[in-house]
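Please read the structure below before turning to the comments.
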Amino acid sequence: MSPLGIFHTALGVLALGSGIAAYAMHGGISPRSKAGLLYLASTLVVSLTGFGLFAHGGFGKPHGLAVLTLLTLALAYAAGSSGWFGAAGRKIETVGYSFTFFLHFIPGITETFTRVPLGNPVFDSPEAPPLKAIAGVLFLLFLAGARAQLKAMPSELRRQ
C-alpha cells in the first residue's frame, strides 16, 4: 500500500469507529455531537483522498462511491442546517448520514476480501458474486437501521 493508501485506510477506520460511537451514544450521526463531527470530517477526507488511489487502475467504481458520498454529505448537511427542505430536513439529514456510513462498507469489504489473506485472498475479484451479496445484506441493514432511527426520533421531529 502507498502512504496515501495507508493514511486513507487509517482515516476510514477512524471514521467507522467514530460513526459507531455516534450511534452508540446518540442514536445516529449528527454534526451536533463530537463523535458525529469527527465521523463527518474523517469521512469527508477519506472521500477526497480516495481520488488519489487507483488500486484497480484508473477512475472506477470506488471513485464513483466517493462522489456519491460527497454529494450525500452535502445534501445531509444542507438538510439539517438550512430551511431548504422544510420539516423533512432532520429526517433527510439522519438518513443521509446513515447512508454515508453504509457506503464506507462497500470499498471496505471489497478491498479487505480481495487482499486478505495475503497471497490467497478470500475473493479474487471486486466483482465476485458473494461480495455483491454481502453488499446487498448491508444495504438491507442500512434500510432497517434508517427506519429504526426515524421511528426513534422525538415525536416533534417525526411529525414534521
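Rule-based calculations on the coordinates, nothing more; no lab input. Everything numeric in this text was worked out from a predicted model, so none of it was measured. Because the Cβ atoms are built from the backbone with ideal geometry, glycine has one as well, and the counts that use them run over all protein chains shown.
List of remarks:
- The slack in the chain from Ala135 to Phe59, taken as 0.36 nm per residue of separation less the alpha-carbon distance, amounts to 25.3 nm.
- Spin-label model distance (nm) - Arg32 vs Ala144, 7 Å beyond Cα toward Cβ: 2.8 nm
- The calculated FRET efficiency for the pair Leu48 and Lys151, based on their C-beta separation and a Förster distance of 41 Å, comes to about 0.75.
- Packing-based exposure ordering (other Cβ within 10 Å, fewest first) of Val116, Val46: Val116, Val46
- Sequence-distant contacts, meaning Cα pairs under 8 Å at least 6 residues apart, place the relative contact order of region 47-107 at 29 percent.
- Applying the criteria of a DSSP loop state and at most 14 other Cβ atoms within 10 Å to the trypsin sites (Lys or Arg not before Pro) of region 57-116 yields Arg115.
- Mean ellipticity per residue at 222 nm, deg cm²/dmol - from DSSP H runs of n ≥ 4 across the chain, formula -39500 (n - 2.57): -24500 deg cm²/dmol
- Percent RCO, i.e. relative contact order, over the chain, from Cα pairs under 8 Å lying at least 6 residues apart: 18 percent
- Stretch gain in nm, segment Tyr77-Leu4, where the contour uses 0.36 nm per residue and the Cα spacing is subtracted: 23.6 nm
- Kyte-Doolittle at least 1.0, axis length at least 24 Å by Cα - qualifying DSSP helices, the chain: 3-26, 61-81, 129-152
- Cleavage-rule hits (chymotrypsin sites (Phe, Trp or Tyr not before Pro)) in region 82-160: DSSP loop, at most 13 neighbouring Cβ within 10 angstrom: Trp84
- Among the chymotrypsin sites (Phe, Trp or Tyr not before Pro) found in region 4-77, those both in a DSSP coil and sparsely packed, with 16 or fewer other Cβ atoms within 10 Å of their Cβ, are Phe54, Phe59.
- Options [x] 54, 28, 26; [y] 46, 33, 23; [z] 47, 38, 28 - which one matches Cα extents along the principal axes in Å as calculated here: [x]
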